[in-house]
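Contents: one structure, followed by commentary.
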Amino acid sequence: MPGRIRILFVSGVWRWGGGAEAVLLDLASRLDRSQFEAVLATSADDSLAGRFRDAGLPVHVLPSACFPPPTLRGAMTRRIAPMLDLLRAERFDLVHTNCDRSIIAAIDSATPHGIPVVCHLHDMIRPWFRRNVRTRLQRASAVVVVSSTLRAFCVERGLNPGNLHVVYNGVDPAPFHVAVPRRSAFRRPLGLGAAEVAIGVIGNLSADKGQEHLLLAAAEPALRALPIRIFLVGEDWTANRANERRLRRIVAERGLEDRTTFLGFRDDVPALLAAFDIIAAPFRLEAFGRVVVESMCAGKPVVAYRRGALPELVRDGREGLLVPPGDIAALADALRRLVLDPGLRAELGTRGRERAGSFTPDRQVGAMQALYENVVRRTPSRR
Ligand code: GLC
């Protein structure tokens, strides 16, 4: 193949903090640079752009009007001209979209010029599957889904099964392994006593991540009398912070103040996971659930809802415990079992560490590179 494959990664999301953006940066920065060249186009000069530049990758900032939500109103305000200009000004062999808002603009500007588009789907609950997005996804050269659960979801919504590729996200275990031996140093700043069992939940403070369920479980009689501490890691990104206020209200109403800590957005998740004892994943509907793999890398048992892709990652009784979605009493019981049984925690954690070996960056990057090569090879040469 003549020269390197030059990929434009497009993300209407401009902020650092979400799983999909972490996956994007990881992928773009791990590509074999002798064969691939990664460039980012995003909608604001903000934290995502900063992370890409820090990784030595070039960034273009396009007007946010390129990336309106895929609604009727969005259709009226969308302007794809800046993306078209970029595709004309520089040579790209492929465009990779990473969010719901980037799909329409990428397909509409790249495909008429014969540039193939790969759409990476990360969610089941955002407006990725509106009709106007689906018609574009049908025109993508390949659609990458992060789990078999998401694949089935796409097939149900009419996407061509032959064009759907399951590529699991990869998580580099190294930072998690390195942090584990420093557990006591990381527990100190959290004020954790030796006898206390720390239960963490990691994810932005939103109804989708189910922090409320964990708080309600902590207030159940099954857990009330046990020496547990609850840590909420994540931020409420919404303007009015309604969910955070709601969570704080529950903490006050249920008398959980002395055992609950809001840690906000944290960049030191490996250290926190080393400090915690149990990870709760009462998530509403994950397409993957990256923090669950991170928890397994750290050797921590996971208590998760049996829903979305979580059962693909964590197997009940092997790496964690799965409970029926929304069942607070079952969530409390599963946590209680683990709080009372350090041996079981260690056993599930050890198996989790092994299991995490199925979700390595090498696998993910290898699969993506093969896919990019295949897509470019199939595309008539424009060079
Ligand atoms: C989205 C999904 C999450 C997944 C991440 C990376 O944030 O909600 O489940 O882990 O993308 O693919």
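The values are calculated or read from the model by the stated rules, or taken from the named source; none is laboratory data. Computed from a predicted model, the values in this text were never measured in an experiment. Reconstructed Cβ throughout: ideal geometry from the backbone, glycine too, with neighbour counts over all protein chains shown. Remember, those area values only see protein heavy atoms, side chains included, never the ligands or the DNA or RNA. Shrake-Rupley method; radii C 1.70, N 1.55, O 1.52, S 1.80 Å.
Split the accessible area of the stretch 1-128 by element, probe 1.4 Å, and carbon with sulfur accounts for 52%.
Using a/c under 1.5 as the rounded threshold, could you call the stretch 1-128 rounded, prolate or oblate? The axes a ≥ b ≥ c are square roots of the C-alpha gyration tensor eigenvalues, and prolate needs a/b larger than b/c, oblate otherwise.
Details: a/c = 1.61, a/b = 1.21, b/c = 1.33.
Since a/c reaches 1.5 but b/c is at least a/b, the shape of the stretch 1-128 is classed as oblate.
Based solely on its DSSP helices, what 222 nm [θ] is calculated for the chain when runs of n ≥ 4 H residues each add -39,500 (n - 2.57) and the sum is averaged over all residues, nearest 500 deg cm²/dmol?
Numbers: 18 runs with 159 residues, N = 383.
Result for the chain: -11500 deg cm²/dmol, rounded to the nearest 500.
Taking every protein chain into account, the accessible area of the stretch 165-248 amounts to 44 square angstrom per residue (probe 1.4 Å).
Shown here for the stretch 1-98: GluC sites (Glu not before Pro) in loop regions (DSSP other than H, G, I, E, B) with at most 14 other Cβ atoms within 10 Å, namely GLU90.
Expressed as a fraction of 2.2 N^0.38 Å, the value expected for a compact globular protein of N residues, the C-alpha radius of gyration of the stretch 237-380 is 1.25. Answer rounded, prolate or oblate for the stretch 250-328, using the Cα gyration tensor with square roots of eigenvalues a ≥ b ≥ c: rounded when a/c is under 1.5, else prolate when a/b is larger than b/c, else oblate. It comes out oblate by the Cα gyration axes.
Quick check on the stretch 189-306: take the gyration tensor over C-alpha atoms, sort the square-rooted eigenvalues as a ≥ b ≥ c, and tell me if it's rounded (a/c under 1.5), prolate or oblate.
Judged from the Cα gyration tensor, the stretch 189-306 comes out rounded (a/c under 1.5).
Amide H contacts of MET124: ALA287, each under 5 Å away and 5 or more positions distant or on a separate chain (H built 1.01 Å from N in the peptide plane; Pro and chain starts excluded).
Each part gets one Cα centre, and for the stretch 281-315 versus the stretch 339-355 those centres are 14 Å apart. Whole-Hz Karplus values for the stretch 187-195 come out as 6, 4, x, 8, x, 8, x, 4, 7 Hz, taken residue by residue from phi with 6.51 cos²θ - 1.76 cosθ + 1.60 and θ = phi - 60°; glycine and proline positions read x.
For VAL314, the shell of other residues with beta-carbons less than 13 Å away shows a net charge of +3, using +1 for Lys and Arg and -1 for Asp and Glu.
Entry comment: accessible area of the stretch 327-383 is 51 Å² per residue, from protein heavy atoms only and a probe of 1.4 Å. Can you list the residues, at least 5 places off or on another chain, whose amide H is less than 5 Å from the amide H of GLY12, using H built in the peptide plane? The list, which skips near neighbours in sequence, is ASN98, CYS99, ARG101, SER102.
How large a share of the accessible area of the stretch 222-307, in percent, is made up of carbon and sulfur atoms when the probe is 1.4 Å and the other protein chains stay in place?
Numbers: 1530 of 3200 Å².
Reported share for carbon and sulfur atoms: 48 percent.
Under 5 Å from the amide H of HIS60 lie the amide H atoms of LEU40, ALA41, THR42, each residue being 5 or more positions distant or on a separate chain, with H modelled from the backbone and absent for Pro and chain starts.
Rounded to the nearest 10 degrees, the angle from helix 342-356 to the longest Cα principal axis of the chain is 10 degrees.
Could you give the accessible area per residue of the stretch 1-96, probe 1.4 Å, as a whole number in Å²? Let's see the in-between values first.
On the way: 4090 Å² over 96 residues.
With the other protein chains kept in place, the stretch 1-96 gives 43 Å² per residue.
Determine, from the Cβ-Cβ distance of ALA89 and VAL155 and an R0 of 25 Å, the FRET efficiency 1/(1 + (r/R0)^6), rounded to the nearest 0.05.
Details: r = 38 Å, r/R0 = 1.51.
Computed FRET efficiency for ALA89 and VAL155 comes out at 0.10.
The distance linking the stretch 1-25 with the stretch 142-180 is 16 Å (Cα centroid to Cα centroid, whole angstrom).
Please compute the net charge surrounding VAL146, taking Lys and Arg as +1 and Asp and Glu as -1 over other residues with Cβ under 15 Å from its Cβ.
On the way: positive: ARG126, ARG151, ARG290, ARG363; negative: GLU21, ASP26, ASP100, ASP123, GLU286, GLU294, GLU312.
Overall, the nearby charge balance is -3.
Put simply, the chain fits an ellipsoid with semi-axes of 39, 21, 19 Å; these come from the alpha carbon gyration tensor as the roots of five times its eigenvalues, largest first.
Which of LEU335, LEU344, LEU121 ends up with the largest GNM mean-square fluctuation for the chain, with Cα atoms connected below 10 Å? In this elastic network of the chain, the residue with the biggest mean-square fluctuation among LEU335, LEU344, LEU121 is LEU344. According to the calculation over all Cα-Cα pairs in the stretch 156-242, the P(r) per 5 Å bin from zero is 3, 10, 13, 14, 15, 16, 13, 7, 4, 4, 1 %. Karplus-derived 3J(HN,Hα) values for the stretch 30-46, using 6.51 cos²θ - 1.76 cosθ + 1.60 with θ = phi - 60°, are 9, 4, 5, 6, 7, 10, 10, 10, 10, 10, 9, 10, 9, 9, 7, 7, 9 Hz; glycine and proline are entered as x.
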